[in-house]
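**Q** One structure coming up, written as structure tokens, with questions to follow.
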Amino acid sequence: MFARNASRAFVAPSASRLFSSSSARQTKVTVLGAGGGIGQPLSLLLKTDPLVSNLSLYDIRGAQGVAADVSHVDTASEVNGYPMENLDEALDGTKVVVIPAGVPRKPGMTRDDLFNTNASIVRDLAAAVARVAPTANILVISNPVNSTVPIVAATLDKAGVFDPARLFGVTTLDVVRASRFLSAITGASPADCNVPVVGGHSGPTIVPLLSQVPQGKSLQGESYDKLVHRIQFGGDEVVKAKDGAGSATLSMAYAGAKFTNSLLRGLAGEKGVVTPTFVKSPLFADKGIDFFSSLVELGVNGVEKIHPLGPLSASEEKLLEACLPELKKNIEKGKAFVA
Ligand code: NAD
Ligand code: LMR
């Protein structure tokens with residue numbers, strides 16, 4: 001471990017030693033961008049996750065304050081906050097790195113409009129992870145996810161440490177939205193509306209497979225089209241409503257914590273943890289698309305199994321057709337940035 005410099009890094013007293021060793025599975029999780037709109041509530045939710053033993057909060061501004069605040073929550077994990085110059089210390093020994101660092105959209109912008117700012121932020125953070133925690137699992141939230149994930153992959157590859165089983169684009173918010181929106185129109189519980197959402201994370205690259213859940217199967221015509229549009233453009237709804245103050249933060253923090261928990265359960269050996277995530281994937285590699293979100297089984301090594309898409313309706317075939325060229329363009333843009 002690094003020596004801790006109390007004048008530069010906030011270090012909360014350890015509560016984990018108060019708990020029995022059986023409850024203290026030692027999993028350090030680091031949030032890069034912890035001071036932001038997503039980072040703050042995400043850090044709070046991760047503090048409540050019993051699978052996190054050590055929470056490391058980093059940002060170029062504000063992480064120490066967030067850490068001091070979150071550290072008072074009465075769960076066992078230890079919380080440390082790190083300022084800009086202490087990135088290596090924040091990453092030291094971490095098993096999971098969650099990255100919500102970067103700028104969000106304003107009304108009128110696409111996610112791709114964030115590329116110029118966020119690409120270098122994500123690349124530089126990935127380079128630090130490659131150097132300090134080369135075997136960590138990396139969860140990318142920063143947009144445009146369709147490009148930032150290939151950027152992280154190429155950066156790790158350049159450093160000689162890329163393990164495709166340990167890199168995830170977080171598309172859980174699309175899954176959460178699909179579940180909630182479908183439940184709202186059918187009256188079913190969201191828990192019974194687990195819609196696999198595949199493809200990528202922007203507009204037409206978001207492909208909900210409603211035909212694969214009983215509650216979504218019978219939807220057609222205008223109600224089907226409206227629901228698909230709402231799932232694909234749910235992010236725009238929030239950007240518009242926030243009117244210049246950013247994009248989804250609270251629902252994203254929820255989704256980010258949910259995906260992190262799924263991964264931690266898989267890493268801890270739980271079987272049957274299956275959820276959509278954007279990973280290096282063979283599904284459309286023959287079309288030159290080597291990253292794709294589909295149902296993925298998570299396990300002790302990260303990605304255990306990438307599931308095929310399963311049967312698609314005619315409408316879903318069309319959605320997929322629209323997704324692939326756009327996704328390919330986004331992935332290539334990310335790769336070209338690092339090359
Ligand atoms: P925000 O501006 O509120 O917070 C971003 C934080 O990143 C800030 O605290 C900033 O200081 C920090 N930051 C910037 N550069 C950094 C660096 N080099 N190292 C560490 N921290 C750095 O933005 P937000 O609302 O939290 O959104 C963050 C990102 O998440 C955006 O790109 C947004 O588009 C994306 N997002 C993705 C999803 C998704 O589903 N994957 C959902 C919502 C938002
Ligand atoms: C979302 O889906 O809410 C995020 O990707 C943020 C955005 O820019 O819409």
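**Q** Compute the helix-to-body angle for 145-158: its Cα long axis versus the longest principal axis of the chain, expressed 0 to 90° and rounded to tens.
**A** For helix 145-158, the angle is close to 50 degrees.
**Q** If I stretch the segment between Lys287 and Thr48 completely, what's the gain in nm (0.36 nm per residue apart, minus their alpha carbon distance), one decimal?
**A** 81.9 nm
**Q** Same structure, new question: Please build a GNM for the chain, connecting alpha carbons under 10 Å apart, and tell me which residue among Val103, Val129, Val198 fluctuates the most.
**A** Val103
**Q** Would you mind checking the tilt of helix 221-232 against the longest principal axis of the Cα atoms of the chain, expressed as 0 to 90 degrees and rounded to 10?
**A** Helix 221-232 sits roughly 20 degrees off the main axis of the chain.
**Q** Oh, and also: If I model a spin label as a point 7 Å beyond the Cα along the Cα-Cβ vector, how far apart are those points for Val161 and Tyr224 in nm?
**A** Each label point is offset 7 Å from its Cα along the Cβ direction, giving 4.7 nm.
**Q** Still on this structure, please answer the following. Determine the sum of side-chain charges near Leu182: Lys and Arg each +1, Asp and Glu each -1, restricted to other residues whose C-beta is under 10 angstrom from that of Leu182.
**A** Net of charged neighbours comes to +2.
**Q** If the viscosity is 1.306 mPa s and the temperature 10 °C, what Stokes-Einstein diffusion coefficient in µm²/s follows for the chain when Rh is the Kirkwood radius over Cα pairs?
**A** 79
**Q** On a 19 Å Cα-Cα criterion, which of the cross-link pairs Lys95/Lys158; Lys47/Lys240; Lys47/Lys258; Lys287/Lys335; Lys280/Lys333; Lys305/Lys335 come out too long?
**A** Pairs exceeding 19 Å: Lys95/Lys158; Lys47/Lys240; Lys305/Lys335.
**Q** OK, next. Calculate the translational D of the stretch 182-231 in whole µm² s⁻¹ from Stokes-Einstein, where the hydrodynamic radius comes from the Kirkwood formula applied to all Cα pairs, the temperature is 20 °C and the viscosity 1.002 mPa s. Can you show the working numbers first?
**A** Working: Rh = 11.1 Å.
It diffuses with D of about 193 µm²/s by this estimate.
**Q** Which one of Gly33, Gly244, Gly169 has the biggest mean-square fluctuation once the chain is modelled by GNM with Cα springs under 10 Å?
**A** Gly244
**Q** Percent of accessible area on the chain owned by carbon and sulfur, 1.4 Å probe?
**A** Accessible surface attributable to carbon and sulfur in the chain totals 54 percent.
**Q** Can you give me the Cα centroid spacing of the stretch 229-243 and the stretch 140-155 in angstrom?
**A** Their Cα centres are 21 Å away from one another.
**Q** Right, something else. Per 10 Å bin, what percent of the C-alpha pairs of the stretch 207-339 does each bin hold, from zero upward?
**A** Calculated over all Cα pairs of the stretch 207-339, the distribution is 10, 30, 40, 19, 1 percent.
**Q** For the stretch 195-294, give the magnitude of the charge dipole about the Cα centre (Cβ charges: +1 Lys/Arg, -1 Asp/Glu; no others), in debye to the nearest 20.
**A** 240
**Q** Also, quick follow-up: Have a look at Ser71, Ser183, Ser53 and tell me which one the Gaussian network model of the chain (Cα, springs below 10 Å) gives the largest fluctuation.
**A** Fluctuation is largest for Ser183.
**Q** Calculate the all-directions average of the projected area of the stretch 44-116's alpha-carbon convex hull, and give it in nm².
**A** Projected area, direction-averaged: 6.2 nm².
**Q** Also: Under a 1.4 Å probe, what is the accessible area of the chain per residue, stated in Å²?
**A** Per-residue accessible area for the chain comes out at 43 Å².
**Q** What's the center-to-center distance, using Cα atoms, between the stretch 85-135 and the stretch 253-330 in Å?
**A** 21
**Q** Here's something else I'd like to know. Using a 1.4 angstrom probe on the protein heavy atoms only, line up Glu332, Glu316, Glu297 by accessible area, largest first.
**A** Numbers: Glu332 95, Glu316 0, Glu297 45 Å².
Correct descending sequence by accessible area is Glu332, Glu297, Glu316.
The values are calculated or read from the model by the stated rules, or taken from the named source; none is laboratory data. Quantities reported herein were computed from a predicted structural model and do not represent experimental measurements. Neighbour counts are summed over all protein chains in view; Cβ atoms, including those assigned to glycine, are modelled from backbone coordinates with ideal geometry. SASA here: full protein model, heavy atoms, side chains in, ligands and nucleic acids out. Shrake-Rupley method; radii C 1.70, N 1.55, O 1.52, S 1.80 Å.
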